[in-house]
Amino acid sequence: MEEKSEIRTIRTACPQHCGIDCCGILAHVKGDRVIKLEPADFPDERDRRICLRGLSSLDITYHPDRLKYPMKRVGARGEGKFERISWDEAYDEIVKNFEKIAKEHGWRAIGWVLGGPGAGTTKFGAYLRIASLTQSTRVSAWGYGDAGLPCGSRIIIGHHFPYIHLFGEFWQRKWPEMLIIWGANPAEAMPLQTMRKVLDAKESGTYVVVIDPRFTVTASKADQFFGVKPGTDSALALGLMNVIFNFKLYNKDFVLEHTNGAYLVRTDTEMLLRGKDVGEKKPDAYIIWHDPSNTHKALRRKNVMEACLTGTYVINGIECKPVFQLLMDLASEYTPEKTSEITGVKKKNIIRLAEKIGTTKNVKFFTYMGFTRTYHGDISLRGLISVASITGHVTTSFSSGYMPPILNWKPFLKVIPDKPSFHRLGILSLYNAVIKGKPFPIKAAWFAFINFLNQCVDSNKIIKEFYPKLDFIVQTELFMTPSAKFADILLPVCSFLEFSDFCHHPYPYVQLQQKVINPLYESKSDATIISELADKLGFGDYFKGGEEALIDLIMDHHSLDNVSREILKKGASKLKSIPDGSNYRLGFGTPSGKIELYAEQLIEYGEALPVYLPPIEAPITPGDKKYPLTFIQGHSRFRTHSSFANVKSLLDMNPEPFVEINPIDAMARRIFDDDYVTVFNDRGKTTLKARISESVGPGVVNINEGWWIDQFKEGSVNHLTHDIINPVQEKVYEPNMHMNDVAVQIKRWEDSER
């Protein structure tokens, strides 16, 4: 009894999974040591859960290889040779180098390279705040595979994410008749917040379809699986629309009310017809062809439902077509036969899926970042949303549920309102900024919660061209990762059990990631490190109160006025509810305020419509090629990107990387299970074991991402990838890394060595 009374419990939250799952954690503490983790309660008991990674978090906190104190490099970059220094010595060295670089090149030459902070907010916000105060450069990590989807979403619906429009009331456990999971594998990437609901929906009668280049764990639970060639999703979308148009299965009223389908487009300039073109009083008014009066009219709320969606019209000598007609014309080129040839999906399956989408009353689409990690991934998303839009399967309002939280980012994004804030640079654009000094030079980089060398594209380029051009590198880390070995100053950070943060996940909850134990060794939280550095730079007043003050600041919004840090210490809180029967409308942030099936700003690129453009590198057509295989990177249930890759309990179940190869491709190369093989192209190579599997189609190989470089026999996944920039993505938001648009060859290791 006495021993039991010494154990206390503290509720916290696991910030892993990039914030998607964010499980509540109940930590059992004896003395100053956490002895057990278990799932914490939620207001709805169905949300109580924990995954393998969450359960193994103690193996991170108490890992023998944790960095224990600040260190300064004494060997060559990459050797991993460091000497111990004090925190004051580390800060003094950082300030000295930053001020020297700022004097020579300006503060914008100092880049804060911030990875995905998971569900955490204020540890990320602390860096934004110091970047704003110093007017240095925030390097955004959206382009680390996650910018393609926001680019497409911003174009077609005007929001950073499309999820609320595509998933609808799915998060409220209101199950659709059909769920299409397109290019995502929630069973491994989002097993609890999403996949649990998928299985619950299926058990309740939802018909589940999975579209993916791999037969994934998610696909194994589906009613129907469509194996699509990587990077051909927009062709599949056009093929589905071809059938929907031919069978007249589109939702005319939805298209008229919620899209720009009726807006007229000039066939000579491809620009939308405007009032100034036809003598209307409002020069920028959109023009429609009004069916009852058989003439053109400026768009009004009262006449939009009477507009024509099809046809060709001549107005004042200008030939025009409605957007919808142009989309029909484009889709007419993608017959089921042609679409099947491009995508690898059988003709009959394309027709059946299109008919089912068009005739089913309630269809929801689930997707995430994976299928937009190709060169034209932004168009893939636009194609998906176009299919959903023409059939009316886009959510435009809610009558129940919970209001999404709005965080108070303003004092982080711009600390002093009347002064300039930080400069911004996408992570893929960082390569040229460091190597070529364009669009402006970056001479120092601070890497936080990112294993840059391991996870970002073209590892050889990073080692040979990128790192040598940086005058100064700081890394905050838990371990001596492949990236940490290249730092000049290496700072030890806490595990999530050792500091506090605010988590606005999982919907419909907010949680407190509450500090469970004091920081081990000499480690500090990112927020504490930045607060102490700010004091050295003369900005200490902006960080008074530490982690708790930053949490209170980011929660300072009326959408969260029903919760506080003290309330969240006791448990997760539900967001404000939407009164039943109300009509909470969801707007679109596009220039027209509608779903834009036609994006006028992309005319110069030939992408105003969701056209199909072949992958930039992936060899999807048969024939003799130097590199005939498409290389893609899946996610693993045993890691969150490269986190947990060094945890023994997980390595016992998943001990080493392997490349999945189809039996047809393996047989042609005399490759058998567990053979060492070399996957290679002009940029680099990696050597690892082969696993023969029909989960990948012929012409495709997969290596799950996240393995550390030193866990391969040689090379790594990103020794194979490229840093090609898509100019459309650069214009719309920021360019994406295209990890799933890569061409390779594969040989037995012995053959490769010879």
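The values are calculated or read from the model by the stated rules, or taken from the named source; none is laboratory data. These figures come from a predicted structure and were not determined experimentally. Cβ coordinates were reconstructed from backbone atoms using ideal geometry, including for glycine residues, and neighbour counts include every protein chain displayed. Heads up: the accessible areas ignore ligands, DNA and RNA and are worked out on the full protein's heavy atoms, side chains in. Shrake-Rupley method; radii C 1.70, N 1.55, O 1.52, S 1.80 Å.
Observations on the structure shown:
- Condition check for residue 421: modelled with pLDDT of 95 or more and assigned to a helix (DSSP H, G or I): no
- The set of residues in segment 146-168 that are part of a loop (DSSP other than H, G, I, E, B) and open to solvent by less than 10 Å² (accessible area, probe 1.4 Å) comprises 147, 157, 162.
- Residues in segment 166-217 that are among the charged types (D, E, K, R), modelled with pLDDT under 95 and within 27 Å of residue 692 (Cβ to Cβ): 188 only.
- Only one entry of 531, 459 meets the criterion of being out of contact with any strand residue (DSSP E or B) (no Cβ under 6 Å at 6 or more places or on another chain) and closer than 28 Å to residue 414 by Cβ, and that entry is 531.
- Meeting the requirement of 3 or more residues that are at pLDDT 95 or above and surrounded by 14 or more Cβ atoms within 10 Å (Cβ to Cβ), the strands (runs of 3 or more DSSP E) wholly within segment 1-96 are 7-13, 24-30, 33-39, 71-73.
- Candidates in segment 330-341 are the residues that are in a helix (DSSP H, G or I) and open to solvent by less than 50 Å² (accessible area, probe 1.4 Å); of these, the one that is farthest from residue 228 (Cα to Cα) is 330.
- Condition met for residue 350 (in contact with a Pro (Cβ under 6 Å, 6 or more places away or on another chain) and β-branched (Val, Ile, Thr)): yes
- When segment 97-110 is filtered for residues that are small (Gly, Ala, Ser) and either in a helix (DSSP H, G or I) or crowded, with 19+ Cβ neighbours inside 10 Å (or both), the ones remaining, listed by number, are 102, 109.
- Restricting attention to segment 315-328, the residues that are open to solvent by less than 40 Å² (accessible area, probe 1.4 Å) and either part of a loop (DSSP other than H, G, I, E, B) or closer than 12 Å to residue 267 by Cα (or both) add up to 7.
- Failed item in (1) assigned to a loop (DSSP other than H, G, I, E, B); (2) out of contact with any Asp or Glu (no Cβ under 9 Å at 6 or more places or on another chain), with residue 143 passing the rest: (2)
- Scanning segment 97-120 for residues that are out of contact with any helix residue (DSSP H, G or I) (no Cβ under 7 Å at 6 or more places or on another chain), modelled with pLDDT of 95 or more and under 15 Å from residue 447 (Cβ atoms) yields 97, 98.
- Among the residues listed as 723, 682, the single one being in a loop (DSSP other than H, G, I, E, B), within 30 Å of residue 432 (Cα to Cα), in contact with a Phe, Trp or Tyr (Cβ under 6 Å, 6 or more places away or on another chain) and of a type outside the set (Lys, Arg): 723
- Only residues that are surrounded by fewer than 22 Cβ atoms within 10 Å (Cβ to Cβ) and not in a loop (DSSP other than H, G, I, E, B) were counted across segment 215-235, and they come to 7.
- Exclusive hit being surrounded by fewer than 19 Cβ atoms within 10 Å (Cβ to Cβ), of a type in the set (Val, Ile, Thr) and over 29 Å from the mean Cα position of the chain (by Cα), set 359, 396: 359
- Helices (runs of 4 or more DSSP H) lying entirely in segment 515-634 (those with 2 or more residues that are touching a residue at least 40 places away in the same chain (Cβ under 8 Å) and touching a Pro at 6+ places or on another chain (Cβ under 9 Å)): 546-554
- Verdict on residue 312 being open to solvent by 50 Å² or more (accessible area, probe 1.4 Å), touching an Asp or Glu at 6+ places or on another chain (Cβ under 9 Å) and among the β-branched types (Val, Ile, Thr): yes
- The condition of being within 30 Å of residue 609 (Cβ to Cβ) and either among the charged types (D, E, K, R) or part of a helix (DSSP H, G or I) (or both) holds for only one of 371, 412, that being 371.
- Evaluation of residue 309 against the conditions (1) among the aliphatic types (A, V, I, L, M); (2) free of Cβ contacts under 8 Å to residues at least 24 places away in the same chain; (3) in contact with a Pro (Cβ under 7 Å, 6 or more places away or on another chain) shows that the sole unmet condition is (2).
- Here residue 666 meets each of (1) modelled with pLDDT of 95 or more; (2) under 29 Å from the mean Cα position of the chain (by Cα) with one exception, condition (2).
- Members of segment 703-715 that are of a type outside the set (Val, Ile, Thr) and either out of contact with any Pro (no Cβ under 8 Å at 6 or more places or on another chain) or open to solvent by 30 Å² or more (accessible area, probe 1.4 Å) (or both): 704, 705, 706, 710, 711, 713, 714, 715
- Filter result (at positive phi and open to solvent by 10 Å² or more (accessible area, probe 1.4 Å)) within segment 124-145: 135
- Applying the condition of being open to solvent by 60 Å² or more (accessible area, probe 1.4 Å) and touching a residue at least 24 places away in the same chain (Cβ under 8 Å) to segment 420-448 and asking which residue is farthest from the chain's Cα centre (by Cα) yields 420.
- Selection of segment 606-640 for residues being among the aromatic types (Phe, Trp, Tyr) and within 30 Å of residue 389 (Cα to Cα) yields only 612.
- Here the condition is being out of contact with any Ser or Thr (no Cβ under 8 Å at 6 or more places or on another chain), open to solvent by less than 70 Å² (accessible area, probe 1.4 Å) and aromatic (Phe, Trp, Tyr); of 509, 542, 521, 598, it holds for 598 alone.
- Taking segment 465-477 as the range and being more than 26 Å from residue 374 (Cβ to Cβ), part of a helix (DSSP H, G or I) and open to solvent by 40 Å² or more (accessible area, probe 1.4 Å) as the test, the residues that pass are 468, 469.
- Members of segment 661-702 found to be open to solvent by 50 Å² or more (accessible area, probe 1.4 Å) and either aromatic (Phe, Trp, Tyr) or in contact with a Gly (Cβ under 8 Å, 6 or more places away or on another chain) (or both), listed by number: 672, 676, 685
- Taking first residues from segment 165-187 that are closer than 18 Å to residue 358 by Cβ and in contact (Cβ under 8 Å) with a residue 24 or more places away in the chain and partners that are small (Gly, Ala, Ser) and part of a helix (DSSP H, G or I), the Cβ contacts under 8 Å between residues at least 6 apart in sequence or on separate chains come to 166/388; 176/168; 176/201; 179/201.
- Number of the condition not met by residue 454 [criteria: (1) of a type outside the set (Lys, Arg); (2) touching a Leu at 6+ places or on another chain (Cβ under 9 Å); (3) in a helix (DSSP H, G or I)]: (2)
- Just one of the listed residues (441, 482) is touching an Asp or Glu at 6+ places or on another chain (Cβ under 8 Å), assigned to a loop (DSSP other than H, G, I, E, B) and modelled with pLDDT of 95 or more, namely 482.
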